[in-house]
1. Quick one: in the stretch 13-51, which of the residues that are over 14 Å from the mean Cα position of the chain (by Cα) and acidic (Asp, Glu) is most open to solvent (accessible area, probe 1.4 Å)?
2. How do the pairs read when you match residues in the stretch 94-113 that are over 16 Å from Arg54 (Cβ atoms) and without any contact (Cβ under 8 Å) to a residue 60 or more places away in the chain with residues anywhere that are open to solvent by 60 Å² or more (accessible area, probe 1.4 Å) and not in a helix (DSSP H, G or I), using Cβ under 8 Å and keeping only pairs 6 or more apart or on different chains?
3. For Ala37, all conditions in the list (1) closer than 15 Å to Pro79 by Cβ; (2) without any contact (Cβ under 8 Å) to a residue 40 or more places away in the chain hold save one; what is the number of the exception?
4. Quick one: in the stretch 124-138, which of the residues that are over 15 Å from Phe105 (Cβ atoms) and without any contact (Cβ under 8 Å) to a residue 24 or more places away in the chain is surrounded by the most Cβ atoms within 10 Å (Cβ to Cβ)?
5. Can you list the helices (runs of 4 or more DSSP H) lying wholly within the stretch 1-117 that have 3 or more residues being within 30 Å of Val152 (Cβ to Cβ) and of a type in the set (A, V, I, L, M)?
6. Here are some conditions: (1) open to solvent by 30 Å² or more (accessible area, probe 1.4 Å); (2) out of contact with any helix residue (DSSP H, G or I) (no Cβ under 7 Å at 6 or more places or on another chain). Met1 meets all but one. Which one does it not meet?
7. For the stretch 96-106, give me each residue that is open to solvent by 70 Å² or more (accessible area, probe 1.4 Å) and in contact with a helix residue (DSSP H, G or I) (Cβ under 9 Å, 6 or more places away or on another chain).
8. Exactly one condition in (1) in contact (Cβ under 8 Å) with a residue 12 or more places away in the chain; (2) on the phi < 0 side of the Ramachandran plot is false for Ala58; which is it?
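The values are calculated or read from the model by the stated rules, or taken from the named source; none is laboratory data. Computed from a prediction, not measured in an experiment: that's the story for all the values here. Cβ coordinates were reconstructed from backbone atoms using ideal geometry, including for glycine residues, and neighbour counts include every protein chain displayed. Surface areas here come from the heavy atoms of the whole protein model, side chains and all, with no ligands, DNA or RNA. Shrake-Rupley method; radii C 1.70, N 1.55, O 1.52, S 1.80 Å.
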Amino acid sequence: MLAADPGTSIASIATEAGVDRRTVYRRFASRDDLLAAIYDARLTAIEHAIQDARLREAPVAVALHRYVENIITVNRTWPVDLTRMLTDEAIKQRRNACIAEVEAFLRRAADGDLLRRDRPRDWAGSLLLALVHLAAHHLAHLSPGQAADVAVDTYLCGLGGTAGSPGERAAHPAGTSSKWP
């Protein structure tokens, strides 16, 4: 409910949860406390997603897919904007640690020639973030693994002419496609 309308009242949340508003207030002293708990849970899920992807030790392509799949799951489970909590210093530090971990992984991917190095420094991270968001929300009919397949393939191969997936390049030489005239 908060993802759809950040101004949703505690009373509305309680009604949707099938509990009395007082029940919510017994657990959370204020709306801000409820939001802090939600943001903490989302950030904890992101930390676990990064840890599970094994960004430092798994083969880069495997780690990339696992990370994308995990973050798609997080985005679907906790569809709230974490940037609203960046005024909390502890949350901000945890978020920055997650960002640093992913940036280090993307440098490893570029050093291993999985990613191009001839693009602006922040391009790989920004593009990955956007694709994960799109896959989580615009490919909701797909499982997280299937949505990750689409996002990772798009990320690594791009959308341009002959840069499609190896299977598509073989089936449609010189960038032609049976889907378009």
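1. Glu16
2. Hits for this filter: Ala110/Arg116; Ala110/Arg117.
3. Going through (1) closer than 15 Å to Pro79 by Cβ; (2) without any contact (Cβ under 8 Å) to a residue 40 or more places away in the chain one by one, Ala37 breaks only (1).
4. So the residue we want is Leu134.
5. 31-53, 60-77, 89-111
6. Failing condition for Met1: (2).
7. Across the stretch 96-106, the qualifying residue is only Glu103.
8. (1)
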